[in-house]
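Take a look at the structure set out below.
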2 protein chains.
Amino acid sequence: MKTDTRLSDILHILLHMAERDSPVTSETLSQIMRSNPVVVRRIMAGLRKAGYVRSKKGHGGGWSLATDLAHITLADIYIAIGSPSLIKLGFRNVAPGCLVEQAVNGALESSFREAEALLLRRFHEITLKQLSEDFHLRFEDARNIEKA
Amino acid sequence: MKTDTRLSDILHILLHMAERDSPVTSETLSQIMRSNPVVVRRIMAGLRKAGYVRSKKGHGGGWSLATDLAHITLADIYIAIGSPSLIKLGFRNVAPGCLVEQAVNGALESSFREAEALLLRRFHEITLKQLSEDFHLRFEDARNIEKA
DNA sequence: TTTAATGTAATTTTATATGTTACATGAAAA
DNA sequence: TTTTCATGTAACATATAAAATTACATTAAA
């Protein structure tokens, strides 16, 4: 089963947007993403609904940030994309009356919940500002290595 | 994205097998699983390799447990099925040279690892014996309710 | 020697995510 | 005001991976 890179994709887009001061088109973002403008619009539509980005139609239009990155956490974005289950493993739900199934699911459920809660706590602790600063550090490092 | 119910499925099969004292055919297991005998054989092949079950061909053949359930943990089974990633979310890996991608992945990676480690610790704590006992408790409860 | 089981490769089907097309809408520029 | 460039979105197509099925070899008991 493939992993879902949507959260990672969105963070990628937002951090790239933070480096520009004029609206960025879906076309440009799709090139950065190596994806498709319509796919980008679909992703961004959710973020717009949550108030993190704005879109502008027509000439000179495109997408821009609507919120200071310091005030957006990974948890915010996670919630904006619909809080998808974080755990890849799931429960059989073939015969809910089956007592074996109930026993197995009961044991797995509490472990899954704990792990999800931990992950969400970490997500609440990380702002997009931090990620952006991390990027800038890497950028400077790369420049210094180039010079040397 | 769908969740992977393989671990749950296998636990289900093993617990059902524990209730029988003669070999169970793939056909029977596939009915319990609402799946297919060949799929069952594929799943069981991994468990046999790990030494948890035995198979017998021909008349009266089928699958049986090779190890005391008290000595098998959820972690053992998880490892036997190839230690698949436990976290549904993944990293973009479109442009590994991209510093934005690196910054994002770095932040996600440590959180994912923490959550995976927690889940695995829980898996080590739970034996199939415990699950089986839980099932028998539920079974007795159901009988008592029926009588009353 | 027939029947019943597993073992496994090859193929088909299905589900889902992703990508694409088409066209409506809106806004700026010519 | 008309053209161009952008988003918005529904409908459709494609790609990919998981699951199921088919086919047939192997093995063992009746």
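The values are calculated or read from the model by the stated rules, or taken from the named source; none is laboratory data. Just so we're clear, the structure is a prediction, and the values are computed from it rather than from any experiment. Neighbour counts are summed over all protein chains in view; Cβ atoms, including those assigned to glycine, are modelled from backbone coordinates with ideal geometry. Areas reflect the complete protein model, heavy atoms only, side chains present, ligands, DNA and RNA absent. Shrake-Rupley method; radii C 1.70, N 1.55, O 1.52, S 1.80 Å.
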Cβ-based net charge around A:His136, under 14 Å, with every Lys or Arg adding one and every Asp or Glu removing one: -2
What are the label-to-label distances in nm, one decimal and shortest first, from B:Ser110 to the same spot in the other copies, with labels 7 Å along Cα to Cβ? 3.1
Taking the Cα centre as origin and putting +1 on Lys and Arg beta-carbons and -1 on Asp and Glu beta-carbons, what dipole magnitude results for the protein assembly as shown, to the nearest 20 debye? 1000 debye
Most fluctuating residue given options A:Thr25, A:Thr127, A:Thr67, as computed from a GNM of chain A linking Cα atoms under 10 Å: A:Thr67
So how strong a dipole does the range B:69-142 carry about its Cα centre when Lys and Arg Cβ are +1 and Asp and Glu Cβ are -1, to the nearest 20 debye? 260 debye
I'd like the mean, over residues of B:12-25, of how many other protein chain beta carbons sit within 10 Å of each residue's own Cβ. 2
Determine ³J(HN,Hα), in whole Hz, for all residues of the range B:68-83 in sequence, where each value follows from phi through the Karplus function 6.51 cos²θ - 1.76 cosθ + 1.60 and θ = phi - 60°; x replaces Gly and Pro. 4, 4, 5, 9, 10, 9, 4, 5, 4, 5, 4, 5, 4, 8, x, 6
Between the label point of B:Gln31 and that of the same position in each other copy, find the distances and list them shortest first in nm, with every label point placed 7 Å from Cα along the Cα-to-C-beta direction. 6.2
Fluctuation leader among A:Asn93, A:Asn105, A:Asn36 - chain A, Gaussian network, Cα springs under 10 angstrom: A:Asn93
Ignoring everything except DSSP H segments at least 4 long, calculate the 222 nm mean residue ellipticity for the protein assembly as shown; use -39,500 (n - 2.57) per segment, divide by total residues, nearest 500. -19500 deg cm²/dmol
Loop-located trypsin sites (Lys or Arg not before Pro) in the range A:11-55, at most 15 other Cβ atoms within 10 Å (DSSP): A:Arg20, A:Arg34
Which one, A:His12, A:Gly97, A:Gly58, projects farthest toward the positive side of the charge dipole computed for chain A from Cβ point charges (K/R +1, D/E -1)? A:Gly58
Given unit charges at Cβ for Lys, Arg (+) and Asp, Glu (-), the dipole magnitude of chain A about its Cα centre in debye, nearest 20, is 560 debye
Determine the distance separating the Cα centre of the range A:1-78 from the Cα centre of the range B:62-134; give it in Å without decimals. 31 Å
For the pairing of chain A with chain B, what total accessible surface becomes buried, with a 1.4 angstrom probe, in square angstrom to the nearest 100? 4800 Å²
Check A:Val53: other-chain or 5+ apart residues with amide H under 5 Å from its amide H, H built from backbone geometry? A:Arg48, A:Ala66
Whenever you get a sec, compute what percent of the accessible area on the protein assembly as shown sits on carbon and sulfur atoms (1.4 Å probe). 50 percent
List the pairs from A:Lys56/A:Lys129; A:Lys88/A:Lys129; A:Lys2/A:Lys88 whose alpha-carbon separation is above 20 Å, in the order I gave them. A:Lys56/A:Lys129; A:Lys88/A:Lys129
Amide H neighbours of B:Ile87 at under 5 Å, excluding residues fewer than 5 places away on the same chain, with H built from the backbone geometry, are A:Lys88
Under Stokes-Einstein, the range B:6-147 at 25 °C and 0.890 mPa s, with its Kirkwood radius over C-alpha pairs, diffuses with a coefficient in µm²/s of 140 µm²/s
Between B:Met1, B:Leu29, B:Gly82, whose Cα lies farthest towards the positive end of the dipole of chain B when Lys and Arg beta carbons carry +1 and Asp and Glu beta carbons carry -1, centred on the Cα centre? B:Leu29
With a Cα-only, solvent-free Debye model of the protein assembly as shown, what are the log10 I(q)/I(0) values at q = 0.15 Å⁻¹? -1.08
Within the under-11-Å Cβ sphere about B:Ile77, not counting B:Ile77, Lys/Arg +1 and Asp/Glu -1 give a net charge of -1
Taking each full run of DSSP H in chain B as one helix, which ones are at least 27 Å long along their axis (Cα atoms) and have mean Kyte-Doolittle hydropathy of at least 0.5? none
